[in-house]
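The values are calculated or read from the model by the stated rules, or taken from the named source; none is laboratory data. Every value quoted in this text rests on a predicted model; they were computed, and no experiment measured them. Ideal geometry is used to build each Cβ from the backbone, glycine not excepted, and the neighbour counts take in all protein chains shown.
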Amino acid sequence: MTDATSSRSSSVAATKAAPANSPAHVLFASLVGTTIEFFDFYVYATAAVLVFPTLFFPNSDPTTALLASFATFSIAFFARPLGAIVFGHFGDRVGRKTTLVAALLTMGISTVIIGLLPSYETIGVIAPLLLALCRFGQGFGLGGEWGGAVLLATENAPEGKRSWYGMFPQLGAPVGLFLSSGVFWILLHFMSQEALLSWGWRVPFIASILLIAVGLWVRLSITETPDFQKAIEKQERVEVPVAELFRNHKRSLVLGTFVALATFVLFYIGSAYLLSYNVKVLQLPFLEALEVQILGSVLFGIFIPISGKLAERFGRREVLIATTVLIGIFSFFLPGLMTSGESGIFIFVIFAMALMGMTYGLIGTALAAPFPTNVRYSGSSLTFNFAGIFGASLAPYIATYLQTNYGMTYVGYYLGLSAVITLACILLSGKDEV
């Protein structure tokens, strides 16, 4: 027996001997990682509305400063596909576990550094440049985190349970949104708005190091997924997963990107843009604006498991089609609700975040479905993050621009158009592709 054969046999034997992950351990590991990543991500989104325009863009008028802050917010979405390519390569070549740990560290370190940055008043134009660099790091890390977390859940799922298991990492988004909004809400209860601008805003960024420690401990204790173990045993891994992806899976990449378009547009209109609208246009106090966002995160989280159960009963594709149609219908009501004062805003949040939970809960499993194991990490990550560019990166910016220059009706048109595009791509996808 050659050394190479012996080494390969030992590797396979070790893989077979690896203890199986319990369902609870798998689901908690997939959930805790995405919760941390999205907490970090949304802490930035909240700060981009409440404090960054003042601290990092103080020489602009309020609207220009907000748009500049949203521009740094969008940087992460352009970094995410790069993270998906890099981490996807190692996720498909080395393994899901190791790559997830590296992605979590990348995101976490970038977030903590943001909490330590000096403001524009201290170092001038270098401050927003450093902020943009850290935001890039956040996006780069999240680009590798999401796909791996979804695969950790779905590749450990029993037959017929992939939609249900794939729902768990998606819960990290509403939990992260709830925690990030909740932290700022608590800070404003114990300090003045001036203190928040002075130093309080740094607390959630620096404190995220505690969540990162928990996430690393959980992630390091899991074993590799059964699907990836089989790929090793059968020698199915490819040298350059992203090249294989663009060579043989272009259709799935394109359709997947736009299958998720309406999901992203709806969410960032209902979160980052809504927060800025409530504060800057309706002039709600910061606390009330955050309470609206907290309510949204709760509804978002409630409807994610509902979507998983409905998908098991009626089919994932069918539930996604129905939800996308409802998003399109909802877009016609958006202008009236958003211009009806606080009562209209609460109704908007209830329906927007219920629909968001229904679509987001299934989108992870749907985007991973068409790709084989040897390129699944890269494929699911890239489609999700390409959708982030087209649907999320500029959504707060575009919605703010449309509302300021053309009125709220055009924000509704924007959401409606995204729903039409998404519906068309779902219908073009076969049952095994969504």
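So, restricting to helices (runs of 4 or more DSSP H) that lie completely within the stretch 190-271, which ones have at least 3 residues that are under 23 Å from residue 433 (Cβ atoms)?
226-233, 241-248, 250-259, 261-268
Does residue 237 satisfy the condition of being more than 29 Å from residue 111 (Cα to Cα), modelled with pLDDT under 85 and among the basic types (Lys, Arg)? Break it down into steps so the answer makes sense when it comes.
Values: more than 29 Å from residue 111 (Cα to Cα): yes; modelled with pLDDT under 85: yes; among the basic types (Lys, Arg): yes.
Considered against the rule, which asks whether it is more than 29 Å from residue 111 (Cα to Cα), modelled with pLDDT under 85 and among the basic types (Lys, Arg), residue 237 comes out as yes.
Just name the residue that is farthest from residue 273 (Cα to Cα) out of those in the stretch 55-66 that are in a helix (DSSP H, G or I) and out of contact with any helix residue (DSSP H, G or I) (no Cβ under 6 Å at 6 or more places or on another chain). It would help to see each step written out before you state the result.
Going through the stretch 55-66, the residues in a helix (DSSP H, G or I) turn out to be 55-56, 62-66.
With the extra rule that they be out of contact with any helix residue (DSSP H, G or I) (no Cβ under 6 Å at 6 or more places or on another chain), the set shrinks to 55, 62-64.
On the way: 55: 19, 62: 15, 63: 13, 64: 15 Å.
Among residues in the stretch 55-66 that are in a helix (DSSP H, G or I) and out of contact with any helix residue (DSSP H, G or I) (no Cβ under 6 Å at 6 or more places or on another chain), the one farthest from residue 273 (Cα to Cα) is 55.
Quick one: in the stretch 373-416, of everything that is of a type in the set (A, V, I, L, M, F, W, C) and either within 30 Å of residue 226 (Cα to Cα) or free of Cβ contacts under 8 Å to residues at least 60 places away in the same chain (or both), which residue is surrounded by the fewest Cβ atoms within 10 Å (Cβ to Cβ)? Walk me through how you get there before you give the answer.
Taking the stretch 373-416 first, the residues of a type in the set (A, V, I, L, M, F, W, C) are 375, 382, 384, 386-387, 389-390, 392, 394-395, 398-399, 402, 408, 411, 415.
Checking the rest, the ones that are also either within 30 Å of residue 226 (Cα to Cα) or free of Cβ contacts under 8 Å to residues at least 60 places away in the same chain (or both) come to 375, 382, 384, 386-387, 398, 402.
Working: 375: 28, 382: 30, 384: 26, 386: 21, 387: 27, 398: 19, 402: 17.
Only one residue tops the list, namely 402.
I'm trying to understand the selection: among the residues of the stretch 273-326, which are touching a His at 6+ places or on another chain (Cβ under 8 Å) and free of Cβ contacts under 8 Å to residues at least 12 places away in the same chain? Break it down stepwise before answering.
From the stretch 273-326, those touching a His at 6+ places or on another chain (Cβ under 8 Å) are 287; that's our starting set.
Selection gives nothing.
Given the residues 348, 286, 300, 333, which is the only one that is aromatic (Phe, Trp, Tyr) and surrounded by fewer than 17 Cβ atoms within 10 Å (Cβ to Cβ)?
Details: 348 fails: surrounded by fewer than 17 Cβ atoms within 10 Å (Cβ to Cβ); 286 fails: surrounded by fewer than 17 Cβ atoms within 10 Å (Cβ to Cβ); 300 fails: surrounded by fewer than 17 Cβ atoms within 10 Å (Cβ to Cβ).
The conditions single out 333.
Specify the residue that is farthest from residue 43 (Cα to Cα); the eligible residues are those in the stretch 120-147 that are aromatic (Phe, Trp, Tyr) and at pLDDT 85 or above.
Selected residue: 120.
For residues that are hydrophobic (A, V, I, L, M, F, W, C) and outside any helix (DSSP H, G or I), tally how many sit in the stretch 110-151.
Residues of the stretch 110-151 hydrophobic (A, V, I, L, M, F, W, C): 112-114, 116-117, 123, 125-127, 129-134, 136, 140, 142, 146, 149-151.
From what is left, the residues that are outside any helix (DSSP H, G or I) are 116-117, 125.
Result for the stretch 110-151: 3.
If we keep just the residues of the stretch 388-434 that are over 15 Å from residue 268 (Cα atoms) and among the small types (Gly, Ala, Ser), which is modelled with the lowest pLDDT?
Looking at the filtered set, the residue picked out is 430.
State whether the residues of the stretch 70-77 include one that is more than 17 Å from the chain's Cα centre (by Cα) and in contact (Cβ under 8 Å) with a residue 12 or more places away in the chain. Write out each step before concluding.
Restricting attention to the stretch 70-77, the residues satisfying the condition of being more than 17 Å from the chain's Cα centre (by Cα) are 71.
Retained after the next criterion (residues that are in contact (Cβ under 8 Å) with a residue 12 or more places away in the chain): 71.
Within the stretch 70-77, one or more residues are more than 17 Å from the chain's Cα centre (by Cα) and in contact (Cβ under 8 Å) with a residue 12 or more places away in the chain.
Quick check on residue 73: is it at pLDDT below 85 and either of a type outside the set (Lys, Arg) or within 20 Å of residue 211 (Cβ to Cβ) (or both)?
Numbers: at pLDDT below 85: yes; either of a type outside the set (Lys, Arg) or within 20 Å of residue 211 (Cβ to Cβ) (or both): yes.
So residue 73 fits the description; yes.
Does the stretch 15-37 hold any residues that are at pLDDT below 80, assigned to a helix (DSSP H, G or I) and surrounded by 11 or more Cβ atoms within 10 Å (Cβ to Cβ), and which are they?
Step one: of the stretch 15-37, the residues at pLDDT below 80 are 15-22, 33, 37.
Right, trim to assigned to a helix (DSSP H, G or I) and you get 15-17, 33, 37.
Result: 15, 33, 37.
Might you let me know whether the stretch 187-201 holds any residue that is closer than 30 Å to residue 347 by Cβ, without any contact (Cβ under 8 Å) to a residue 40 or more places away in the chain and of a type outside the set (D, E, K, R)? Talk me through it step by step, then tell me what you get.
Of the residues in the stretch 187-201, the ones closer than 30 Å to residue 347 by Cβ are 187-189, 193, 196.
Then keep just the ones that are without any contact (Cβ under 8 Å) to a residue 40 or more places away in the chain; that gives 187.
With the extra rule that they be of a type outside the set (D, E, K, R), the set shrinks to 187.
Yes, some residue in the stretch 187-201 is closer than 30 Å to residue 347 by Cβ, without any contact (Cβ under 8 Å) to a residue 40 or more places away in the chain and of a type outside the set (D, E, K, R).
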